[in-house]
Amino acid sequence: MPTLPPAKIGVPVSEIDTPALIVDLDALTRNLEMMATLVRRFGVRLRPHAKTHKSPIIAARQIALGAVGVCCQKVSEAEALIAGGVGDVLVSNEIVGARKIARLAHLARQARIGVCIDQADAIPLLADAAERAGSQIDVLIEVDVGARRCGVAPGRAAGQLAAQIGRSAHLRFAGLQAYHGAAQHFRSPDERRSAIDAAKAGVIETVRHLADAGLACETITGAGTGTFEIEGRSNIWNEVQPGSYVFMDRDYAKNTLADSAAAFDHALFVLATVMSTALPDQAVVDAGHKALSNDSGFPAVWQRPDIGYHRPSDEHGVLTLADGAPRLAWGEKVLLIPGHCDPTVNLYDWYVGVRGLGTPAAHVEALWPIPARGAVT
């Protein structure tokens, strides 16, 4: 059952119950507008990844700025987004299981739906489900461009799958999914560029085999927050799928940017309260593993580089103060920058949208539910 929102519209930040998921509305707007501007400049389509924010409200803002739709990873995420008014969703993932495939086919009666495959077994199941639902599903072939996770090897195999897709009246071969997930977190610009150059070679080879088979490739999609500028300028990818740019977590902030690269702002925080100052060199806050995902490292304390976050347990996080750092008071609130935004968002029912964060006038302006939170099927 969803929880009640942790604040009321209009209250100052000091009155927000904690832990709470805070969105800096000013930073969010800057990030959304910057991405939309860059993608228009590159001349490619923007299909942002909604697995980051899980919110039809944020998706609607992205679409209003020019995105063609969104992508997500789960059928249940797509259901929540479409119920919230999104009309074009790519499930940029392989879907397995008769029940999930039937749900996907049903969604395709309500919105434009795409899905990825990397083996022939999925094709008759998708075709049969779409026929029973009276719908049509766009099918993209995922190509392994270096992540070594899902995807067919670049080259001939994609042409064989595309030909099979084309034999169904209820499926449409829509192009290639060419996403190098690991490259998003390669720290140096040269590492990221080298990885995407190798991916580009695989995509070119695959498109050539499709052309030899008489098959047009309408869409080549992929890219993330760490590499979208490389794919966007490649003249190969014609659609990009960045997600984390809306919030920018601590892990992405560790990437070294090229001189001309876009720098997005931190817009997502977990607000925590100091619950104990029993030891003189530390403070304990009410945000531990259940409030933050620590798979990509611990959070940073916003605007306090002299404080470190350590030793989280279920309900506690320990803040250690550098020598000479001002002590934190019992009941004081701190903003934590999550190490990984996507799974942190998945822990909450509500976004608390704050205007003027970091100023004396900071206040709650919006409360947005997160309907795709917990959508794992």
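The values are calculated or read from the model by the stated rules, or taken from the named source; none is laboratory data. These numbers were taken from a predicted model, which means no experiment stands behind them. Cβ atoms come from the backbone with ideal geometry, glycine included; neighbour counts cover every protein chain shown.
Of all positions in the stretch 1-17, none carries a residue that is of a type in the set (Lys, Arg), under 16 Å from the mean Cα position of the chain (by Cα) and under 30 Å from Asp286 (Cβ atoms).
So for the stretch 123-145 (the condition being on the phi > 0 side of the Ramachandran plot, assigned to a loop (DSSP other than H, G, I, E, B) and over 28 Å from the mean Cα position of the chain (by Cα)), does at least one residue qualify? Yes, the stretch 123-145 contains a residue that is on the phi > 0 side of the Ramachandran plot, assigned to a loop (DSSP other than H, G, I, E, B) and over 28 Å from the mean Cα position of the chain (by Cα). Of all residues in the stretch 268-291, at least one satisfies being under 26 Å from the mean Cα position of the chain (by Cα) and closer than 30 Å to Ile196 by Cβ.
Would you confirm, using the coordinates I've provided, whether Ala158 is buried (at least 22 other Cβ atoms within 10 Å of the Cβ), at pLDDT below 95, touching a strand residue (DSSP E or B) at 6+ places or on another chain (Cβ under 7 Å) and among the aliphatic types (A, V, I, L, M)?
Spelling it out, Ala158 is indeed buried (at least 22 other Cβ atoms within 10 Å of the Cβ), at pLDDT below 95, touching a strand residue (DSSP E or B) at 6+ places or on another chain (Cβ under 7 Å) and among the aliphatic types (A, V, I, L, M).
Considering only residues of the stretch 60-80 that are without any contact (Cβ under 8 Å) to a residue 60 or more places away in the chain and in contact with a Lys or Arg (Cβ under 7 Å, 6 or more places away or on another chain), which is farthest from Glu33 (Cα to Cα)? Once the filter is applied, the top-ranked residue is Gln73.
The set of residues in the stretch 196-250 being in a loop (DSSP other than H, G, I, E, B), touching a Leu at 6+ places or on another chain (Cβ under 9 Å) and surrounded by fewer than 24 Cβ atoms within 10 Å (Cβ to Cβ) consists of Ala216, Cys217, Met248. Only one entry of Val75, Val70, Val39 meets the criterion of being in contact with a Gly (Cβ under 8 Å, 6 or more places away or on another chain) and surrounded by 19 or more Cβ atoms within 10 Å (Cβ to Cβ), and that entry is Val39. Filtering the stretch 91-121 to residues that are in contact with a helix residue (DSSP H, G or I) (Cβ under 8 Å, 6 or more places away or on another chain) and in a helix (DSSP H, G or I) leaves Ala98, Lys100, Ile101, Ala102, Arg103, Leu104, Ala105, His106, Leu107. Just one of the numbered conditions (1) hydrophobic (A, V, I, L, M, F, W, C); (2) in contact (Cβ under 8 Å) with a residue 12 or more places away in the chain; (3) part of a loop (DSSP other than H, G, I, E, B) is not true of Ala361: (2). Of all residues in the stretch 318-377, count the ones that are farther than 17 Å from Ala272 by Cα, aliphatic (A, V, I, L, M) and surrounded by 20 or more Cβ atoms within 10 Å (Cβ to Cβ). Matching residues across the stretch 318-377 total 3. Annotation: Pro154 fulfils all but one of (1) under 30 Å from Phe264 (Cβ atoms); (2) part of a loop (DSSP other than H, G, I, E, B); (3) not hydrophobic (A, V, I, L, M, F, W, C); the unmet one is (1). Are any of the residues in the stretch 119-129 under 30 Å from Ile370 (Cβ atoms) and charged (D, E, K, R)? Among the residues of the stretch 119-129, not one is under 30 Å from Ile370 (Cβ atoms) and charged (D, E, K, R), which makes the answer no. Based on what the data block shows, is Val270 buried (at least 18 other Cβ atoms within 10 Å of the Cβ) and more than 30 Å from Ala36 (Cβ to Cβ)? No; evaluated as a whole, the condition is false for this residue.
Scanning the stretch 81-104 for residues that are free of Cβ contacts under 8 Å to residues at least 60 places away in the same chain and on the phi < 0 side of the Ramachandran plot yields a total of 16. Counting the residues of the stretch 177-192 that are touching a Phe, Trp or Tyr at 6+ places or on another chain (Cβ under 9 Å) and outside any loop (DSSP other than H, G, I, E, B) gives 3. Exactly one residue out of Asp281, Asp314, Asp295 is loosely packed, with under 15 Cβ neighbours inside 10 Å, touching a Pro at 6+ places or on another chain (Cβ under 8 Å) and among the acidic types (Asp, Glu): that is Asp295.
Looking for something of a type in the set (Phe, Trp, Tyr), closer than 17 Å to Val13 by Cβ and either assigned by TED's automatic domain parsing to the domain that holds Thr225 or in contact with a Pro (Cβ under 7 Å, 6 or more places away or on another chain) (or both) - is there at least one such residue anywhere in the stretch 345-360?
Yes, that holds for at least one residue.
The single condition among (1) over 23 Å from Asp259 (Cα atoms); (2) at pLDDT 95 or above; (3) under 24 Å from the mean Cα position of the chain (by Cα); (4) hydrophobic (A, V, I, L, M, F, W, C) that Ala195 does not meet is (1).
From Ala120, Ala130, Ala108, grab the single residue that is assigned by TED's automatic domain parsing to the domain that holds Glu229, modelled with pLDDT of 95 or more and surrounded by fewer than 16 Cβ atoms within 10 Å (Cβ to Cβ).
Result of the check over Ala120, Ala130, Ala108: Ala120.
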